[in-house]
1. Quick one: dipole size for the chain, taken about the Cα centre, charges +1 on Lys/Arg Cβ and -1 on Asp/Glu Cβ, in debye to the nearest 20.
2. State which helices in the chain qualify, where a helix is a whole DSSP H run, it must extend 18 Å or more along its own axis by its Cα atoms, and its mean Kyte-Doolittle hydropathy must be at least -0.5.
3. Take the alpha carbon gyration tensor of region 193-294, find the square roots of its eigenvalues, order them as a ≥ b ≥ c, and report rounded if a/c is under 1.5; if not, report prolate when a/b exceeds b/c, else oblate.
4. Have a look at 203, 339, 493 and report the one farthest towards the positive end of the charge dipole of the chain, computed about the Cα centre with Cβ charges (Lys/Arg +1, Asp/Glu -1).
5. Compute the label zone of residue 429 within region 461-485: residues whose backbone N is under 16 Å from the point 7 Å along Cα-to-Cβ.
6. Find out how many positive minus negative residues lie around residue 404, taking Lys and Arg as positive, Asp and Glu as negative, among other residues whose Cβ is under 14 Å from that of residue 404.
7. Bin width 10 Å, alpha-carbon pairs only: give the P(r) of the chain as whole percents, running from 0 to the bin holding the largest distance.
8. Which lysines, on any chain, are close to residue 228 with Cα under 16 Å apart, when same-chain ones fewer than 8 places away are left out?
Amino acid sequence: MASEETPPLLLRFPTEILTAMCEFLPTGDIKNLRLAGPSIARLVPIRIHRVFLSPNPLNIAVFRAVAAHPLLRHRVREIIYDDARLADPTRRQDRLNDARRRDVDEELDHEDVDAWMGEGLQVAAREGAARAWFGSRRERNLREMRGRSANDLGSAARQQARADQCEAQLPLETCYQQYLRLWREQAQVVESGEDVRALREGLDAFPMLKRIAVTPATHGFLHTPLYKTPMVRALPYGFNGPLPRGWPTSREPPARELVPWAAGPEWTEDEVDREKMRWRGLVAVVRTLAERIRNGESAVPELVVDVHALNTGVSPYMLAQKCDEHDDLALILQQPGFTRLDLPVLLSGLQPEDQRMLGNGRFKTLLAMARSLQHFRLRGDGLVDPGFPPYTRFFPLQTLLPVNSWLHLCHFGLSTFVVRVDDLVAVLARLPRTLRSVELSFLRFELEADDHDALLTQIKAQTDWATTWPPGARPTLTLGLAKVTNNVDGRGLWLSKEISAFLYGRGPNPFSAHKNIVMPGAGYLRDEYDEDFTRPYVGYKDYRALWYNEED
């Protein structure tokens with residue numbers, strides 16, 4: 001045991017070495033290490049590289065506290081705007097967002113309350129509908145948690161921790177009142193615009209800021225949030241309520257109808273404004289960044305919009321229709337030094353006459369403005385609506401992507417899109433020699449003759465990556481795969497090493513035997529919402545962890 005005069009072994013390291021060692025520790029371990037004692041706390045700084053913002057008073061308060069701190073504000077590299085607003089339990093449209101058919105069947109249509117009811121009975125009926133929705137979503141959360149974990153033989157400790165929270169579930173009325181309080185606070189912030197003012201303050205306060213991310217997926221799934229924001233951390237143990245999504249989200253077709261972002265004969269200004277409010281946070285971020293540029297101030301070099309496997313995305317009307325938000329985004333993209341854009345596009349729910357609007361040329365022109373782009377990722381919404389023919393979901397990538405304008409591109413990503421192998425490979429072959437990584441995930445092939453086997457075969461044959469690019473500069477190709485049906489949202493099988501061995505060496509095509517299926521022993525499994533889930537794909541039991549176990 002060390003004497004009182006001899007400091008603990010850890011404190012004998014030079015400060016520079018101790019700081020370098022801590023760089024390899026997760027944030028949670030850093031916090032635990034600082035609790036070991038005041039001497040350690042002084043030597044090991046708090047790691048705050050990102051801050052969260054949303055129309056929630058607690059999130060805003062913590063955001064502003066970091067922005068006002070003389071040291072911490074210089075460490076912030078990323079702002080994550082949580083655009084998953086709490087649904088208004090009194091509005092049927094809000095209650096039906098992110099709904100399954102089962103939810104719709106259970107929904108009490110309080111809009112059609114019989115006219116003979118007095119005002120008191122109508123209020124009671126609407127209140128009953130709100131509580132019924134709240135209770136139904138609580139039950140769905142539990143079903144989904146069981147379905148997600150039924151085939152997962154991974155961390156017993158992780159699953160037990162979630163089971164303990166479920167066991168300690170708070171009563172419905174307690175959770176409902178807590179939810180209503182949070183929703184009222186959110187409504188006050190939205191009305192006052194306090195979160196937008198805080199965003200402007202943060203852009204001035206964080207000199208090292210590199211990225212703004214916007215996501216509607218913050219709350220993830222029951223007891224498995226994507227981000228533990230101050231608001232999420234403050235929820236009482238055992239809380240179970242509707243998971244906020246914010247953006248139009250569909251579990252099953254048909255999707256909710258989208259409204260154009262410009263007024264016309266069929267759409268009033270009020271209807272258009274209400275539609276844009278469904279993406280309130282994204283619109284606020286884009287508008288604020290554009291205002292800074294117009295005022296001669298700097299903007300961030302990276303804009304990441306990520307839905308993390310939810311069936312939603314940015315309205316195509318914002319991207320392919322003349323509107324203020326389109327102009328704001330164009331101004332951001334054309335700034336010198338703008339290097340990264342992650343963009344999910346909502347393809348379901350368009351007006352019938354607008355099904356092909358993404359290919360009207362305006363979207364491609366918009367992307368072509370990003371001349372300094374180094375990282376680009378495009379995602380579809382993942383929802384296939386049988387009400388529309390398959391060809392309406394296929395957009396030739398050569399008509400969407402201005403690859404000849406991206407002379408500095410280092411990373412290209414495409415996810416959850418309907419593709420044709422020849423069209424996709426033609427785009428890949430035209431990407432510049434600055435390219436270092438390609439990620440293709442959860443693709444759907446429009447033609448029956450197309451599959452992952454054909455995709456890799458044509459990439460090897462039709463690109464010159466293996467023949468003329470220097471060995472150290474060849475792009476790494478990663479593929480992400482889902483189970484064909486009933487896949488757990490956010491989970492997938494990922495391949496990279498085996499693909500490089502095929503493209504650049506003498507390894508076999510990992511899909512040669514089964515076209516779209518990889519046999520055990522190749523790749524690894526990953527869950528976007530659970531970092532502890534990651535594991536190698538060793539056997540069939542691992543593959544089964546991708547399956548969602550539907551309850552009757």
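The values are calculated or read from the model by the stated rules, or taken from the named source; none is laboratory data. All values reported here derive from a predicted model rather than from experimental measurement. Don't worry about glycine lacking a Cβ; one is built from the backbone with ideal geometry, like all the others, and counts go over all protein chains shown. Only protein heavy atoms, including side chains, enter the accessible area calculation; ligands, DNA and RNA are left aside. Shrake-Rupley method; radii C 1.70, N 1.55, O 1.52, S 1.80 Å.
1. On the way: 70 positive and 74 negative charges, 418 e Å.
Rounded to the nearest 20 debye, it is 2000 debye.
2. Helices meeting the criterion: 280-294.
3. On the way: a/c = 2.43, a/b = 1.09, b/c = 2.24.
Oblate, because a/c is 1.5 or more while a/b does not exceed b/c.
4. Highest projection toward the positive end goes to 339.
5. 461-469
6. Numbers: positive: 364, 371, 430, 433; negative: none.
Result for the neighbourhood of residue 404: +4.
7. Values per bin, smallest distances first: 3, 15, 25, 27, 19, 7, 2, 0, 0.
8. Residue 228 reaches 31.
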